[in-house]
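Read through the structure below, which is laid out as structure tokens, and then see the notes.
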Amino acid sequence: MKLFSIFGNPVSHSRSPLMHNSVFKGLKYNACYTRTHLEDGTKLKETFFTLGLNGANVTVPHKEEAYKACDEVRGFAKKIGVVNTLINENGRLIGYNTDADGFIYAIEEFKNIKKVLILGAGGTAKALASRFIEENMDVTVLNRSEGRLSYFEELGCTTYSWNDFTLSNYDLVVNSTSAGLKDEYFPAPKEMIETIFDNTSYVADAIYGKVTPFLQLAKEKNIVYKDGADMLLGQGILANELFVEGMLQKDDIKKYMQKSFEL
Ligand code: NDP
């Protein structure tokens, strides 16, 4: 039997085990997917091999550490230095990133997105900003602290910290911070978010499974919004395709993964 897991801190909220196990069970693929709470990201590789895993997903806050842990990084992950999917290829750890394409899948129904504001400057923000730039979108990044912004400046984004933010109009505002994940914080001061919302068409949150204060405010202002569930589904389908090495059809994976959201 093949073994998979998700590494994170926190990780108890993760729906990934349900999603992947629903595919394995539904399609009679002999594999099991668990969750692993990991405090120290530098122990990722050691823990992966000690557990005898064939593959894994990595969530907050270890995605950049996962990149460092890999023997080889492929595709989009290489461009952004952020890994959310790990494969054991003959004892070598191979890293991929499926988050950004998962997000593009999630916002397909939002039309005419040309100008995006990303809140946060972590691993998810890097993936989204790089992918949006590839789509020729105009990208602005607003983060709590300045330290992580240089990456985004080099990418061609407009960048602000809370101290120097200047308001503009946006088609889409995305919360890619972990504010609201295990607390009730806004990703930026509430008054700032309110003025941003008064100047945007769509709102999306990478967090799923709860209505964050950020999404609650979007709801109160009657803005079309979505939480991170579709992004989760998109990245999950792409990760599962890597896990099963072409043995299952993408449409079947999608069908059974979607079923797990009905549970
Ligand atoms: P990182 O740890 O890499 O980055 C976290 C970012 O959040 C940093 O920019 C940090 O700012 C900011 N931040 C943290 N706390 C606060 C706060 N209280 N107020 C304002 N900013 C804050 O995280 P990831 O990029 O890996 O993940 C971010 C979120 O996206 C998580 O909630 C994760 O669950 C979610 N996610 C969802 C996915 C899905 O499929 N739906 C996929 C991937 C991620 P600073 O630099 O100042 O510390």
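The values are calculated or read from the model by the stated rules, or taken from the named source; none is laboratory data. All values derive from a computational prediction rather than experimental measurement. Backbone-built Cβ (ideal geometry, glycine too); neighbour counts: all protein chains shown. Keep in mind that these areas ignore ligands, DNA and RNA; they rest on the heavy atoms of the full protein, side chains included. Shrake-Rupley method; radii C 1.70, N 1.55, O 1.52, S 1.80 Å.
Evaluating Ala125 against the criteria (1) within 11 Å of the ligand (Cβ to nearest atom); (2) touching a residue at least 40 places away in the same chain (Cβ under 8 Å); (3) touching a Leu at 6+ places or on another chain (Cβ under 7 Å) leaves one unmet condition, (3). The condition of being surrounded by fewer than 24 Cβ atoms within 10 Å (Cβ to Cβ) and either modelled with pLDDT under 95 or not small (Gly, Ala, Ser) (or both) holds for only one of Asp205, Asp198, that being Asp198.
Within segment 177-193, the residues that satisfy the criterion of being out of contact with any Leu (no Cβ under 7 Å at 6 or more places or on another chain), open to solvent by 20 Å² or more (accessible area, probe 1.4 Å) and not hydrophobic (A, V, I, L, M, F, W, C) are Ser178, Lys182, Asp183, Glu184, Tyr185, Pro189, Lys190, Glu191.
Does Ala218 qualify as being crowded, with 23+ Cβ neighbours inside 10 Å, closer than 21 Å to Phe110 by Cα and free of Cβ contacts under 8 Å to residues at least 40 places away in the same chain?
Values: crowded, with 23+ Cβ neighbours inside 10 Å: yes; closer than 21 Å to Phe110 by Cα: yes; free of Cβ contacts under 8 Å to residues at least 40 places away in the same chain: yes.
Criteria met by Ala218.
Looking at this structure, is Lys111 surrounded by fewer than 19 Cβ atoms within 10 Å (Cβ to Cβ), over 26 Å from Leu53 (Cβ atoms) and without any contact (Cβ under 8 Å) to a residue 24 or more places away in the chain? If you could, list the steps in order and put the result at the bottom.
On the way: surrounded by fewer than 19 Cβ atoms within 10 Å (Cβ to Cβ): yes; over 26 Å from Leu53 (Cβ atoms): yes; without any contact (Cβ under 8 Å) to a residue 24 or more places away in the chain: yes.
Criteria met by Lys111.
For segment 153-176, how many residues are among the aliphatic types (A, V, I, L, M), crowded, with 16+ Cβ neighbours inside 10 Å and under 12 Å from Leu117 (Cα atoms)? Looking only at that region, the number is 3.
Mind listing whichever residues of segment 210-233 are more than 15 Å from Thr59 (Cα to Cα) and within 11 Å of the ligand (Cβ to nearest atom)? Step through it out loud before you land on a result.
Here is the first cut: in segment 210-233, the ones more than 15 Å from Thr59 (Cα to Cα) are 210-227, 230.
Within segment 210-233, Lys210, Thr212, Pro213, Phe214, Lys226, Asp227, Asp230 qualify.
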